[in-house]
Amino acid sequence: GVNQAIPVREDDETNEALKRLGQSIGIVALGKKLVLVEGAVSSLDKQTYGAILRDRFPNLVLVPSGGRGVIASFEVLHKHVLDKTLWGVEFFMLCDRDAVPPSRDSTQIVSSRLKVLNRYHLENYFLDEEALAKVFESMEPEGSWLRSPVEIRKVLKEIARVQIAYAAALTTASYFREQVGNLSIMVKDCHAMRIDELATQLRTRVAEEQNRIANSIVPDSVETYARTIAKKLQDSLDQDSDEWKALIPGKQLLNMFAGRAKLDSARLKTAYIREAEKRPVSPFQEVIEVFSSFAAS
């Protein structure tokens, strides 16, 4: 069955994948379902996920996996480690939408073990104006804009409008970075080459790479893409839909809102999570459903 030990040699891909995860034998042998999340042990992401989970799914253990470098190599990890079971331990992974290049459809890489959130950052789930108004109900006097969901939404949208260019720049940069890919000027079959021949082959590879990169980042294409992203955000704000809440980078937006509210963003998050637990439908419902699917797998 699936509960099998996997031989790991020092020079094989399974061992390399485990190294990328940064796991020790002690962690791997917990006998739990390990959910890899972004960030360090002390990161707000891990603390937030932990607070959202609480005692809902006792068979899940959150394991910080570092930055997006680990997440970018997830498909290798999935093939060599996460799609198998090590001594009864199963691996799962959850990442923000910004971990997946915009050139790739996240639904194409999602599996029962890998889930990508629909929102840009985890902080994008902290933008529910009803929950935010409840957070400030006991902090602010009657008549304060912070007690009004309508006024809070207005301020969030105002901040979001200022962030349109930033969001478009981030998305455009990520998209074309993926299009260009890694520089590769390695010469094939060069073991017995003379130095002069190698130099000639390197020049050829450089020319090929220059041509590929130039074709990948045509200025008109970059401009058109950026304008398309900006218009999508602008239209969402103008039409008062909620799409901007998923697309605008939530970390920056929430921090700026906390500044307007004169409240530390970490304290705001803590209060928001407590308030979310009281609501009939949690603002974190999508996150909870992801963990639920992991627990039931």
Next on the checklist: Between Val162, Val155, Val150, which is more than 21 Å from the chain's Cα centre (by Cα), closer than 30 Å to Gly259 by Cβ and buried (at least 17 other Cβ atoms within 10 Å of the Cβ)?
Outcome noted: Val155
Checklist entry - Looking at Ala214, Ala192, Ala207, which one is farther than 23 Å from Asp45 by Cβ, assigned to a loop (DSSP other than H, G, I, E, B) and over 27 Å from the mean Cα position of the chain (by Cα)? => result Ala192
Checklist entry - Any chance region 46-60 includes a residue that's in a strand (DSSP E or B), surrounded by 15 or more Cβ atoms within 10 Å (Cβ to Cβ) and either in contact with a helix residue (DSSP H, G or I) (Cβ under 9 Å, 6 or more places away or on another chain) or modelled with pLDDT under 75 (or both)? => result yes
Next on the checklist: Condition (residue is assigned to a helix (DSSP H, G or I), more than 30 Å from Asn118 (Cβ to Cβ) and open to solvent by 60 Å² or more (accessible area, probe 1.4 Å)) applied to region 233-240: is it met by at least one residue?
Outcome noted: no
Item to check | Subset of region 266-297 that is open to solvent by 80 Å² or more (accessible area, probe 1.4 Å) and part of a loop (DSSP other than H, G, I, E, B) - its residue that is nearest to Leu94 (Cα to Cα) | outcome: Val281
Checklist entry - Does region 250-265 include one or more residues that are among the charged types (D, E, K, R), without any contact (Cβ under 8 Å) to a residue 40 or more places away in the chain and in a helix (DSSP H, G or I)? => result no
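The values are calculated or read from the model by the stated rules, or taken from the named source; none is laboratory data. All figures in this text were calculated on a predicted structure; none of them were measured in a lab. Quick reminder, even Gly has a Cβ in these numbers, built from the backbone with ideal geometry, and neighbours come from all protein chains shown. Ligands, DNA and RNA are excluded from the accessible area calculation, which covers all protein heavy atoms including side chains. Shrake-Rupley method; radii C 1.70, N 1.55, O 1.52, S 1.80 Å.
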